[in-house]
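Notes to accompany the following structure.
Laboratory data are not the source of any read-out in this text; all were calculated from the coordinates shown. Please read these numbers as outputs of a predicted model, since none were measured by experiment. Quick reminder, even Gly has a Cβ in these numbers, built from the backbone with ideal geometry, and neighbours come from all protein chains shown.
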Amino acid sequence: MDTPQGSVWQQVRLWGGALLGVALMAWFLWSLQWGSLVAVMAEAHWSWVALAATAMLGSYAVHAWRWRILLHDIDPDVDWSTLWSATTVLWGFNTVLPLRAGNFLRPAVVAMRRQASYTAVLFTTVGEYLCDAIGIVILLLVMIWVLPAEYVESGPLEDVQWWGTAAAVVALISLAVVVLLSTRQARTLVERLLSPLPSSSLRESLLTGFDHLVAGMATVGHPARLGGALVLTLAVWGAWLLAILATFRAFDLHLPLAAALFWESSLTLSMMVPQAPGYLGVFQVVTEESLALFRAPTEKAEAIALVFWTVCFVPITILGVYNGSKLGFSVSSGVAGALDELAEVTSDG
């Protein structure tokens, strides 16, 4: 059960993120040039939009396959049906519910179907975030390499090289910390730090939580599996990049590859902050502002912001809500109702 402080912080995140999203979406809609937007939409090449949607679904499939590698030490025989169902639930419920509900429901799918430890499966998120951080850093470094000089000489992009390098250093330090956490010496240190606690049951609970954390990110300690996860991470971002380039073509927008890489990195980073369900508002504003840095026409940037959001989230949300409903998860019950359903199936909630 949440502590009062935890409950307050949860409410702050929920309402703060929702207000931010609503405010940005209202500003985005208010600033739209509706006449120009309709004209641009009418001239769009929808076959390219269909290709972008297919590429995005492909990225979600690769995302599910990468998770199989991260789950290896918990359930090496997990089947594809479970992986895909869990992945669609992750993205679908992240879109329709606040507080990233899908992040908590995805491990519930595996726990319910495979009788695995919910906590250990949940902690695979640590390994995922690490892989994603490294992937984002690689995107930034490639963008710096291919960024035309005309965009660097003046304006906000002139400092991007410094920030990209700093991000690379942070990612490498994070990798080192996670690897160290999985060592025997780390557990011994945790035991020593917990030994002054007077309650043996509390010490055991905290140690069990630490063990679940280590199990969830065990792949990081295996170079071959970590390498495979990183390769699939690049494939995920590559599919996103293909979807972005196809969307550019759909609107006859000719921008350098660096623009697509910068936009992709900006979207990924912006989606990590608390916000309204569906990433509404933040997604559209970040898209418009990112493309503006590369001098994209305003009306095309606005059209792309709306179309690409649809490409990214509508198909996967439909699949996720449908698959979640078959497991007893519903939009109306929210996270609490879904986890109550989990508690009935497994005692490791």
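Of the residues ILE69, ILE138, the one with the fewest other Cβ atoms within 10 Å heads the list, and the complete ranking is ILE138, ILE69. With neighbours defined as other Cβ atoms within 10 Å of a residue's Cβ, the residues PHE123, PHE210 order from fewest to most as PHE210, PHE123.
Just to confirm a number: summing +1 for Lys and Arg and -1 for Asp and Glu over residues other than GLY135 whose beta-carbon lies under 15 angstrom from that of GLY135, what do you get? Its environment carries a net charge of -2. Ranked by how many other Cβ atoms sit within 10 Å of their own Cβ, fewest first, the residues GLU264, GLU289 fall in the order GLU289, GLU264.
Taking Cβ atoms as reference points and 9 Å as the exclusive limit, the residues near VAL236 contribute a net charge of 0, counting Lys and Arg as +1 and Asp and Glu as -1.
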